[in-house]
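The values are calculated or read from the model by the stated rules, or taken from the named source; none is laboratory data. Just so it is clear, the structure is predicted and the values come from calculations on it, not from any experiment. Here the Cβ positions follow ideal geometry from the backbone for every residue, glycine too, while neighbour counts run over all protein chains shown.
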Amino acid sequence: MVVKSLFAGERVNQGRQLELDVAKGLAIVFMVLVHCLETLTPLEETASAYVIEFLGGPLSAPVFMFALGVGIVYSRKNTPSDLALRGVQTLVLAYLLNFMRDYLPLMFVYLRTGDPDHVREGVALLFGVDILPFAGLVFLFFAATSKLNFKPLHYVLAGIIMAGANILLLNVVPQNTVLNVLSGSFWGTNEYSWFPFLTWIMYPLAGYLFGLLLIRCTDKKRLYTRALQISLPILALFAINALLRDGDLSSLGYLIMHAYYHHTAVANVFIITVVLAWMSAMYFWSSHIPKLVTTAFQRWSKNITTLYFVHWVILGWALVFLEPTLTLPWMFAFFVALLIVSDVISHSYLKMKYRLAARRSLPYIAR
């Protein structure tokens, strides 16, 4: 019997991929939940905190970035100029978020208390490297590599080089404030550099390479079965290594709770493997999810940047009036309300934006 090749020479699997929408939709839920935990509760090393940190850790930002890489393959607007423009727009939006979420609330607190520490923290956070500044750099990176006509092997080599640079620069911290801020965008030089480029670029790179396979895949079930067959044994080896070395899984827990933002190559491999296994599970699970839920996930997937922006602005201002002392039940209640309100605001904003764009495209006489 002749087995059909798993990959075609041309693009045969185009359009929206439900498993990606489901994974991103869940990642949004986990993201909002972990942000509520970390900003509104006294963070303690409890079982509940570990579970939420895991959901909001490897299954959140790395999933977003992996999906971003896949999305670049699937996007119709992926020319170098398109990607460069999107990168610049994302960077502008990122620092607007820093201004509205961090700087303005802290200036408000300063005016209320007169404590100059709030001014210093506000200025520092204004240049913080959250996931949006990182995403802007990712688009600029892919704009440059597209212009240079990178092939898959080039991306693999670039990933190896950048992983090595990340390790070498790990303890290099410029003392000059301006240089420290600039270098913080590329490796973790300060506490406000949460998503340094050299650490986190591995996830969009992995997603891009996976997207090149996915879009040419003739049998998604076989592809995701093989992905599970590869990823699950690797995860088992990580668990066995931790058990033999430490007697428990504390080293993996340390990654999730403490070394999450500034990790290096071994942790990259672990988290990419988690993401690949999770994406595969989403493929097999997505067909069993009620239509109402998948519709919401698809809407959130399309609105992801706006949702991210809105929920953080609300949380930033909430901290002006709330102390981080909420118990878990109250934190969960706030989380549900925040998710609903952010969804309503972002969806309404995008509908208004589309209506205005449609009106501008009409001939003048038809207005």
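Every test in (1) out of contact with any Phe, Trp or Tyr (no Cβ under 7 Å at 6 or more places or on another chain); (2) modelled with pLDDT of 95 or more; (3) aromatic (F, W, Y) is passed by F66 save one, and that test is (1).
Across region 4-28, the qualifying residues are those that are modelled with pLDDT under 90 and under 30 Å from V341 (Cα atoms), and the one among them that is surrounded by the most Cβ atoms within 10 Å (Cβ to Cβ) is R16. Put simply, of L319, L292, L307, L356 the only residue that is closer than 19 Å to L55 by Cα and assigned to a helix (DSSP H, G or I) is L307. Restricting the search to region 323-353, which residues are modelled with pLDDT under 90 and under 18 Å from V310 (Cα atoms)? Those that are modelled with pLDDT under 90 and under 18 Å from V310 (Cα atoms): H347, Y349, L350, K351, M352, K353.
Every residue, every condition in (1) more than 30 Å from T306 (Cβ to Cβ); (2) touching a Phe, Trp or Tyr at 6+ places or on another chain (Cβ under 9 Å); (3) not aliphatic (A, V, I, L, M), yes or no:
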residue: F134; (1), (2), (3): no, yes, yes
residue: N149; (1), (2), (3): yes, no, yes
residue: L157; (1), (2), (3): yes, no, no
residue: I161; (1), (2), (3): yes, no, no
residue: I167; (1), (2), (3): yes, no, no
residue: L179; (1), (2), (3): yes, no, no
residue: R222; (1), (2), (3): yes, no, yes
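Within region 171-203, being farther than 25 Å from L126 by Cβ and touching a residue at least 12 places away in the same chain (Cβ under 8 Å) holds for M202, Y203.
For region 157-190, taking the residues that are touching a Pro at 6+ places or on another chain (Cβ under 6 Å) and part of a helix (DSSP H, G or I), the one that is surrounded by the most Cβ atoms within 10 Å (Cβ to Cβ) is identified as S183. At least 1 residues that are closer than 29 Å to I271 by Cα in each: list the helices (runs of 4 or more DSSP H) lying fully within region 59-153 that qualify. Correct list: 61-74, 80-98, 117-126, 131-147. Going by the conditions given, is P363 farther than 25 Å from Y95 by Cα and at pLDDT below 90? Criteria met by P363. Has region 132-151 got at least one residue that is in contact (Cβ under 8 Å) with a residue 12 or more places away in the chain and more than 26 Å from L213 (Cα to Cα)? For region 132-151, residues in contact (Cβ under 8 Å) with a residue 12 or more places away in the chain and more than 26 Å from L213 (Cα to Cα): present.
Residue-level check: of (1) out of contact with any Lys or Arg (no Cβ under 9 Å at 6 or more places or on another chain); (2) at pLDDT 95 or above; (3) of a type in the set (F, W, Y), F127 misses just (2).
Would you mind stating whether T39 is under 30 Å from F321 (Cβ atoms), polar (S, T, N, Q) and at pLDDT below 90? Criteria not met by T39. Inclusion of F270 among residues that are over 22 Å from F7 (Cβ atoms) and within 22 Å of the chain's Cα centre (by Cα) is warranted.
Residues are listed down the side, and each one gets a yes or a no for (1) under 29 Å from F197 (Cβ atoms); (2) modelled with pLDDT of 85 or more; (3) of a type in the set (F, W, Y):
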| position | (1), (2), (3) |
| --- | --- |
| D246 | no, no, no |
| L255 | yes, no, no |
| F270 | yes, yes, yes |
| S280 | yes, yes, no |
| S286 | no, yes, no |
| I289 | no, yes, no |
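Under the condition of being surrounded by fewer than 16 Cβ atoms within 10 Å (Cβ to Cβ), of a type in the set (G, A, S) and either in contact with a His (Cβ under 6 Å, 6 or more places away or on another chain) or in contact (Cβ under 8 Å) with a residue 24 or more places away in the chain (or both), the residues counted in region 68-112 number 1.
When we screen A267, A236, A242 for residues that are free of Cβ contacts under 8 Å to residues at least 40 places away in the same chain and in contact with an Asp or Glu (Cβ under 9 Å, 6 or more places away or on another chain), the only hit is A242.
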